[in-house]
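Below you'll find the structure, written out as structure tokens, and then a few comments.
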Amino acid sequence: MLSLWIGVIFLYGYTVARGLLSPLSTIPGPWYTRFTSLWIKYQEFTANRRESVHRLHKIYGPVVRLSPNEVSFTSLDAIKEIYASGGSGYDKTEYYDLFRQFKIKTMFSTLLKDEHSKRKRIFADRYAMTNIMKEKPMAVIHERAMAFISKCVEAGQKSVDVYSLLHCYALDCVTHFMFSPGGLRSLNIAEDFDIMHELTYHQSLQKNLLEYYLPSLAPYFPKSLHARSAPKANQYVLEMASQTNLDGHSLMEKLKRKESSLELMQAAAECKDHMAAGIDTTGDGLCFLMWELSQPQNLCFQQRLYKELTASPANAPLDSYIYLDAVIKEALRCAPPIPMSLPRYVPAGGREIDGYVVPEHTIVSCQPYSVHRINESVFPEPDRFNPERWLAEEGATERNRLFFSFATGGRGCTGKNLALVEMKMLLREVYSRYRTMVASDMTASMKLDDQIISSRPEGQSWPAEETTDTIVMSVKDWYVDLRIETETGKIDWAIAGQRIVESQEPLRVTFSHELDSHNAFETIDCGTFVPLPNGDDLEMGSMPRHDLPGAPDKEYEEVWRELPFREGPEGPDKGLSWVLESDDGDLGSGEGEVTVTKTFIGRIWGTYLALSQEQTHTRQKTPSGDLVVKKSGADVSARREEWSSGWNEKYLVGEAAGSLPSMMVGFDEEGKGSWKIPGEKVEVQGKKYIVRAFEKI
């Protein structure tokens with residue numbers, strides 16, 4: 001016991017001594033950063049690093065200690081020392097291992113400067129402005145910009161959510177640049193739109209941090225803590241990497257040359273990395289820019305931009321628009337698409353940075369967000385969007401030197417030229433034709449939401465990763481909904497009832513819960529449906545928490561896609577669709593309790609669902625004499641069948657699943673006589689059902 005206490009005291013004393021006697025002890029910062037890195041790691045896990053580091057810079061100045069072994073800087077001298085010509089030997093930290101693709105290091109995730117330079121030399125000419133400005137790449141970027149405008153115009157007088165459209169535009173441009181003559185068309189094709197969703201960086205990077213800091217525990221993490229995969233994007237990149245008819249200006253054509261010495265998977269990993277980075281940096285940057293230009297106080301800037309664009313010839317070079325360039329620079333200054341700190345190790349022997357002696361292997365960094373705001377002598381009123389600042393001759397040199405949105409030096413953003421051309425092309429085509437303003441129904445926050453490698457509007461979130469095999473069968477005004485957990489095969493949710501359209505513009509639907517595995521029978525389940533660019537529908541609403549009764553309603557968003565009808569026994573392009581509800585007879589009129597087995601069965605062509613739940617209906621009188629009915633239900637049993645040269649079981653879940661009606665037997669009268677008339681009663685395998693809906697095509 002004594003030896004244990006001695007060990008604890010020694011460890012405590014060592015930690016305190018290291019914090020007080022470290023060469024970094026004179027660097028300003030909160031006292032706790034001298035002794036622990038837990039604070040900064042917590043900020044990373046919670047996607048709050050950028051704001052937290054910036055807050056410290058506002059308190060302590062241009063140099064701040066973040067942990068016992070990490071320091072943040074904001075000055076031009078520090079940028080030059082760490083990243084530019086003076087920064088020889090400042091290698092990247094292992095943090096960049098988070099950005100491997102197919103478990104392979106790319107140029108971005110390569111740690112050593114020499115290795116990075118060698119990889120960059122392979123394809124640097126592809127990102128040169130002379131290659132990007134060739135006729136075919138420019139024609140495609142212009143065509144994609146016009147496709148973006150077409151999607152906006154399709155909305156007519158309605159407001160348009162440009163966030164997803166801008167990310168589609170960025171993806172379509174970068175994939176053509178890499179795989180020409182191929183390339184995605186996510187603005188028009190649903191399957192390509194799905195790839196955009198997969199690739200957009202999100203909180204899975206926070207999950208990667210868990211594996212980075214706690215590698216020994218990673219195998220034991222629950223699935224919800226593992227980083228989200230991108231199988232569709234991976235498959236697309238691998239297929240394109242195998243193509244042989246690539247255009248001479250494309251990135252993949254250069255990567256596949258023999259002299260590049262890259263294996264196929266290395267080339268694919270490089271392209272996957274460029275895709276992911278190119279979507280968010282360009283898409284987020286354009287979104288913030290258009291939002292700023294659309295603010296009432298900034299319409300004067302939008303008007304000046306319009307005048308410049310319309311006063312120039314339609315085919316004027318993109319670099320001839322001085323005011324457009326100022327608008328883009330100011331937007332990227334206010335909302336850098338890569339806002340994070342860019343960590344490096346101090347080389348052997350240590351270095352002096354901003355007057356402080358920093359020991360070797362210390363982590364040092366600058367973050368663009370703070371560089372653009374702390375230096376108020378260069379950027380007065382740093383939180384104000386003001387493109388005019390870039391037109392003034394006085395201070396122009398300092399402003400451009402401190403413009404850090406694409407980093408700087410040999411390891412700066414390789415895709416900078418492509419991103420700027422994409423931004424200039426789209427903005428020219430939009431603002432030479434139209435005006436933009438913030439829609440009256442726009443309530444989401446546009447505060448920067450850190451995603452480590454990119455920033456997105458805080459109010460913009462992507463649909464969660466789907467963890468269920470879900471099918472909802474809607475026939476006329478009735479529906480049957482079954483969601484099976486893909487990992488466990490258990491029922492996630494099973495519901496059935498009536499579908500009531502409350503309004504058409506916007507589409508607003510209320511769903512009754514006559515059967516519900518969550519026992520939320522009294523739930524007012526009302527959702528508003530908004531069309532997405534790829535033809536899917538986004539449902540938004542609120543629901544009571546079935547797992548926490550009495551808790552506030554939980555807001556939800558779900559993306560729905562109308563599936564093509566599965567061919568059934570009737571053959572191609574025709575079939576029967578219907579929903580039946582069990583006839584439970586007279587449940588009585590006075591007080592009392594009745595137990596019934598509620599069953600819904602439904603079919604749409606070649607897909608069939610059957611749900612069953614034992615329910616207790618309790619009738620009670622209120623003090624005013626009114627009769628109310630309370631329902632409670634047991635576990636739901638479910639059967640799902642699909643047609644493929646005959647009916648086959650796909651799911652059979654629950655104790656009573658084996659006794660549920662099956663399309664394999666007992667449906668001889670289907671579609672005949674009373675089956676066609678809603679409200680009529682029919683018999684299926686010895687049980688009475690009420691016809692709720694019927695269609696025949």
Go through E593, E614, E581 for me and flag whichever is at pLDDT below 90 and of a type in the set (D, E).
E593
Restricting attention to segment 313-337, the residues that are touching a helix residue (DSSP H, G or I) at 6+ places or on another chain (Cβ under 7 Å) and part of a loop (DSSP other than H, G, I, E, B) number exactly 4
Of (1) among the acidic types (D, E); (2) assigned to a strand (DSSP E or B); (3) surrounded by fewer than 13 Cβ atoms within 10 Å (Cβ to Cβ), E649 satisfies every one except (3)
Which one is nearest to I697 (Cα to Cα), of the residues in segment 599-635 that are part of a strand (DSSP E or B) and of a type in the set (V, I, T)?
I604
Of all residues in segment 155-175, count the ones that are more than 18 Å from R435 (Cβ to Cβ) and either part of a loop (DSSP other than H, G, I, E, B) or charged (D, E, K, R) (or both).
1
Qualifying positions in segment 57-75 - surrounded by fewer than 19 Cβ atoms within 10 Å (Cβ to Cβ), assigned to a helix (DSSP H, G or I) and touching a residue at least 12 places away in the same chain (Cβ under 8 Å):
K58, Y60
Out of the residues in segment 471-510 meeting the condition of being without any contact (Cβ under 8 Å) to a residue 24 or more places away in the chain and of a type in the set (K, R), tell me which one is farthest from D537 (Cα to Cα).
R483
Matching residues in segment 335-360 - criterion: being under 21 Å from G61 (Cβ atoms), crowded, with 18+ Cβ neighbours inside 10 Å and aliphatic (A, V, I, L, M):
M340, L342, V346, I353, V358
In segment 82-121, residue modelled with the highest pLDDT [restricted to those that are under 31 Å from the mean Cα position of the chain (by Cα) and aliphatic (A, V, I, L, M)]:
I104
Residue count, segment 302-312 (criterion: in contact with a helix residue (DSSP H, G or I) (Cβ under 9 Å, 6 or more places away or on another chain) and of a type in the set (G, A, S)):
1
Given the conditions (1) among the small types (G, A, S); (2) more than 16 Å from N234 (Cα to Cα); (3) part of a loop (DSSP other than H, G, I, E, B); (4) modelled with pLDDT of 90 or more, every one holds for G183 apart from (2)
Does segment 431-438 contain at least one residue that is more than 30 Å from M540 (Cα to Cα), modelled with pLDDT of 90 or more and crowded, with 19+ Cβ neighbours inside 10 Å?
yes
Every residue in segment 256-295 that is without any contact (Cβ under 8 Å) to a residue 40 or more places away in the chain and either surrounded by 14 or more Cβ atoms within 10 Å (Cβ to Cβ) or in a helix (DSSP H, G or I) (or both), please.
K256, K258, E259, L264, A267
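The values are calculated or read from the model by the stated rules, or taken from the named source; none is laboratory data. Keep in mind that what you see is a predicted model, and the values were worked out from it rather than measured. As a convention, Cβ positions derive from the backbone with ideal geometry for all residues, glycine included, and neighbour counts pool all protein chains shown.
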